[in-house]
Amino acid sequence: MKTYIALFRGINVGGNNTLPMKELAAVLEGLGLQGVATYIQSGNVVFQGKAVDPALLSKKIAVAIGKSHGFEPWVRLLEMPMLEAVINGNPYPEAEAVPTTLYVNFLASVPPRPDLDGLEKLRAESERFQLAGDVLYLHAPDGIGRSKLAAALERLLGVPMTSRNWNTVRKLGEMARAA
């Protein structure tokens, strides 16, 4: 059995795509996945399953949710070594002191033509970012609510993504290691 971390995009946000975590866990268990554990309401799940292609399992999960809840969320599925690499690869370890200002943006793929100049132009003086393959780290000490950079990431990278703050990334790592 392998340990997987599923990051769901856009569920339980602003009253849209409502999916209670107990129901999400039931859908995953219905697919034969084991040890399903959720973290907060925004769609973070750790589970075990047979070794399979993560892209195929992501699609299978989305289709099962579509059948049970009427919408197919985008799911970024990580294997444990990938999450460990993200945690260990944090280019801003000093930002961990205020973990709600450090974000990891999990991309659908490595951006083929990221507009890094465009991102740099939108970056506030206090912000920092680093693209590392299919992950973009963003340190936004003033928050992301008004950040022009954060708002434009997906458009300028050219690939879908889902973001998690450092507290969530760290907690998912703890959960996955304990699984």
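The values are calculated or read from the model by the stated rules, or taken from the named source; none is laboratory data. If you're wondering where the values come from, they're calculated on a predicted model, not measured in any experiment. Counting neighbours? That spans all protein chains shown, and the Cβs are built from the backbone with ideal geometry, glycine included.
Things worth noting here:
- Of residues in the range 143-153 being at pLDDT below 95 and of a type outside the set (Gly, Ala, Ser), the one surrounded by the fewest Cβ atoms within 10 Å (Cβ to Cβ): Arg146
- Qualifying residue in the range 15-27 (condition: in the same structural domain as Glu72 (by TED's automatic domain parsing), surrounded by fewer than 19 Cβ atoms within 10 Å (Cβ to Cβ), farther than 15 Å from Ser68 by Cβ and not aliphatic (A, V, I, L, M)): yes
This table checks each residue for (1) in contact (Cβ under 8 Å) with a residue 60 or more places away in the chain; (2) more than 21 Å from Leu131 (Cβ to Cβ).
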| position | (1), (2) |
| --- | --- |
| Ile65 | no, yes |
| Val86 | yes, no |
| Pro91 | no, no |
| Phe106 | yes, no |
| Ser109 | no, no |
